[in-house]
Each structure stands twice: as C-alpha cells, then as structure tokens.
Amino acid sequence: MKYIILSVVLVLAALWSLGEATASGIISDKSSITFVGKQMGAPVEGRFTRFDADIVFTPAKLAQSHARVSIDLSSIDLASDESESEIKGKSWFNVAAFPKAIFESTAFRALGGERFEVSGRLSIKGITRDLVVPMQFHTVAGVQTAEGSLELHRSDFKVGEGVWADPDSVAEAVQVRFKMALKP
Amino acid sequence: MNQEKYNPTAITLHWLVALLIAIAFSVGHYMADLELSPWKLKVFAWHKWVGVTIFVLVLFRMLWRASHTPPALPAGMSKLMKNLSGLAHMAIYLLMLAIPLTGWLHSSAAGVTVVYFNVLTLPDLVGKDKALSSLFKEIHESLNWALLGLVILHVAAALKHQLVDKDNLLNRMRW
C-alpha cells in the first residue's frame, strides 16, 4: 500500500513538473489572436488557434517584465480550406520555410492606469521589424489579461507577393487583436 | 386577341430580375471552379453585389405583387393547372429570396462581410464558422439548381401557352 501511494505521488509529481516545464504562461482557451483584413474592400476575419506565450509582466517592475509570443502560422482559421492553403503557401506566409511568427518584447512603458506600451520585434517570414504595441492590462473574471490591437502592413513582411501584392484586391493593412490570459 | 397586361412596373421588374438572375447564375457557376486569385476575389465581390440587388428587387417585387392584382389567367386553363402555376410561381419567389440569403449566410459564416458596391456594409448574419459556411455553400448551390429547374418549367409553360394553346399569354409580359 505504501508503495502504491508512493508511486502515485511520484507520478503526480512527475506530471506536475512536466506541466511546469511546458507551461506556456497563458491560459489557451481564454486567450486569442484574431485579425481582420480586407479583400475587395470587404472585411475578412480570421484567427490563429495555436500560439504560445511566455509572459512575465509586473506593472511595478516593468524593467523585469518581458513577453515572447510565438504563433503557429499553420493554425490559421480563414474563410475556406482553399484560402487557408493559399495563405500557407509561398506567396503568403510560406509556412514550410517559416512556420512561426514571433514577437519578442524589448521594453515596457506605463501610459497610466491599465494602459501600457510594449516595444518589441516581430518576425514573420524571415523579416524582423520593430514595433510598438499599445495594450491594456486588467483583470477579466479573476484572470490577469493583456489585451490590445495593432495594425500591420502585410508588405512589410512580404506577406502576399506576386499577383497578390496588389492592395486593391487584398488591402495592405491588417488589424490584429490579441488577448492573453496570464497564468496565475 | 386583346387581353389585360401586367402593369409596366411589374413587367420591368420581371425582366430586370430575370436578366440579373441569368448574370448571377452564370457568374456563380463560372467562379466556383476558379483557382484562388485576385481575379476570383473580384468576381466573387461582383457576384455578391448582383445577388444583393436581386434580393432587394425581389422584396420590392413581392410588395408590388401583393398590392397589385395581376391579370387573370386564360379562361381555358383547368383549375389544376391554375393551382400548379400558382405553386410554381410561389416556389420561384421563395427561391429568389432564399438564394441570395444563403449566399449572404455563406459569406458571413466564412468571415467575409458583404459590402454592397464597396459602400454599404451589410451586417454579418452569423459568426465565423467554416463548417457552417460550407453547408450554406452547398445549400446555395442546390437551391440554384432547383431554381434552374423551375425557370425551365416556367419558360416551357409560357412557350406551351404561346405555341400550343395559342392564347398569346406572353403578351401579358410585354411592355
């Protein structure tokens, strides 16, 4: 009996440490990354269903705060299977060569109240750009949540090349919204 | 043979909607098999604009039809034929509304908002749901084949009246 209890404890401990090791820092089902682009002047929405984030954020210790968000680009949810396979292709994200989009913070700045500004670098398709992301940090249903939106220009990252470069069919600007529910 | 005609508004609406349906149907049939390209996005947008136009015109047509008595059917028609004719027309009206509506639902569920002539943003009828979007696509296409069947019946019946019964029924729909 003693051994059974011991082994159960050991298994639980192993699972616990495994959970710790792979902890993403965010609660996946309460977090989201969605975007709205425009085709032929009409809004088109989509989202990414798989992403991971390692976020340490303490408003009182901004210098020690950091965020790294990694998005699995092949998890894109778009209008149809056809448009999903197109956007994973070479002219767009080229997920075979560049499977992930990565954001890495460099600095945080308090804007007052719940509002902050995150400076960082975003890499998509082998191209890295500096950007500044405004965000709101607040508690949603007892969970500390960072939310915000930013506008990206797809040509900055060569997303949509060749025939797709024409902004009249697919607009340059893409509005990205994110919501990161942080693990306690 | 002198016979009562539809009023000019009803006649104009009939032919205008017929023309637009022929365009939307052909364009829809053509675009379905296109490879994804900027051209395809353009054609889809145009198809939606024609579809919305049809939807609005048909709503107006139904109001017009409800408030204006159509000319009586030829006296030579049997009761059964009159009833069947009424049913077929009702089915065509329903499809003329249901087809643009399912197209709109298909687009909404795909996450693509319909913006009429790039100016008027229509509300999304349902949230983004890819499975629902393909279901509406199937329904949209099936209803189109049903409409094609009814239109063939409609034209065949009109020709039968004109050529076999020789009751000059077509004259009712001429300006």
If a residue has to be under 17 Å from B:H106 (Cα atoms) and either buried (at least 19 other Cβ atoms within 10 Å of the Cβ) or of a type in the set (S, T, Y) (or both) to count, how many in segment B:17-39 make the cut?
2
Those residues of segment A:165-183 which are in a strand (DSSP E or B) and either modelled with pLDDT under 95 or closer than 30 Å to A:F57 by Cα (or both), in sequence order:
A:A173, A:V174, A:Q175, A:V176, A:R177, A:F178, A:K179, A:M180, A:A181, A:L182
Is one or more of the residues making up segment A:38-45 within 17 Å of the chain's Cα centre (by Cα) and within 11 Å of chain B (Cβ to nearest Cβ)?
yes
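Being over 15 Å from B:T102 (Cα atoms) and part of a helix (DSSP H, G or I) is the filter here; which residues of segment B:33-57 pass it?
B:P38, B:W39, B:K40, B:L41, B:K42, B:V43, B:A45, B:W46, B:L57
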In segment B:7-20, how many are over 15 Å from B:I92 (Cβ atoms) and either of a type in the set (F, W, Y) or not in a helix (DSSP H, G or I) (or both)?
1
Pull out all pairs, ordered by first then second residue, where Cβ-Cβ is under 8 Å, the residues are six or more apart or on different chains, the first lies in segment B:34-45 and is facing another protein chain (nearest Cβ under 7 Å), and the second is among the aliphatic types (A, V, I, L, M).
B:S37/A:V163; B:P38/A:V163; B:P38/A:V170; B:L41/A:M40; B:L41/A:V170; B:K42/A:M40; B:A45/A:M40; B:A45/A:A42
Conditions (1) over 30 Å from B:T121 (Cα atoms); (2) among the polar types (S, T, N, Q); (3) modelled with pLDDT of 90 or more; number of the one not met by A:T22:
(3)
Output for segment A:155-184, where each listed residue is surrounded by fewer than 15 Cβ atoms within 10 Å (Cβ to Cβ), within 14 Å of another protein chain (Cβ to nearest Cβ) and among the aliphatic types (A, V, I, L, M)
A:V163
Which residue, of A:T145, A:T128, A:T106, is within 20 Å of A:F51 (Cβ to Cβ), touching a residue at least 60 places away in the same chain (Cβ under 8 Å) and of a type in the set (S, T, Y)?
A:T145
Within segment A:125-154, restricting attention to residues that are part of a strand (DSSP E or B) and of a type in the set (G, A, S), which residue is surrounded by the fewest Cβ atoms within 10 Å (Cβ to Cβ)?
A:S149
Only one of these conditions is not met by B:G86: (1) part of a loop (DSSP other than H, G, I, E, B); (2) within 21 Å of B:K160 (Cβ to Cβ). Which number is it?
(1)
Which count do you get for residues in segment B:102-150 that are in a strand (DSSP E or B) and either more than 11 Å from chain A (Cβ to nearest Cβ) or of a type outside the set (V, I, T) (or both)?
2
How many of the residues in segment B:144-175 are surrounded by fewer than 15 Cβ atoms within 10 Å (Cβ to Cβ), in contact with a Ser or Thr (Cβ under 8 Å, 6 or more places away or on another chain) and closer than 17 Å to B:M81 by Cα?
0
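This table checks each residue for (1) out of contact with any helix residue (DSSP H, G or I) (no Cβ under 8 Å at 6 or more places or on another chain); (2) over 19 Å from B:L97 (Cβ atoms).
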| site | (1), (2) |
| --- | --- |
| B:K128 | no, yes |
| B:V151 | no, no |
| B:H154 | no, no |
| B:K166 | yes, yes |
Qualifying residues in segment A:73-89 (those that are touching a Gly at 6+ places or on another chain (Cβ under 9 Å) and within 16 Å of B:L135 (Cα to Cα)) - the one nearest to the other protein chains (Cβ to nearest Cβ):
A:A79
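The values are calculated or read from the model by the stated rules, or taken from the named source; none is laboratory data. All values reported here derive from a predicted model rather than from experimental measurement. Cβ atoms come from the backbone with ideal geometry, glycine included; neighbour counts cover every protein chain shown.
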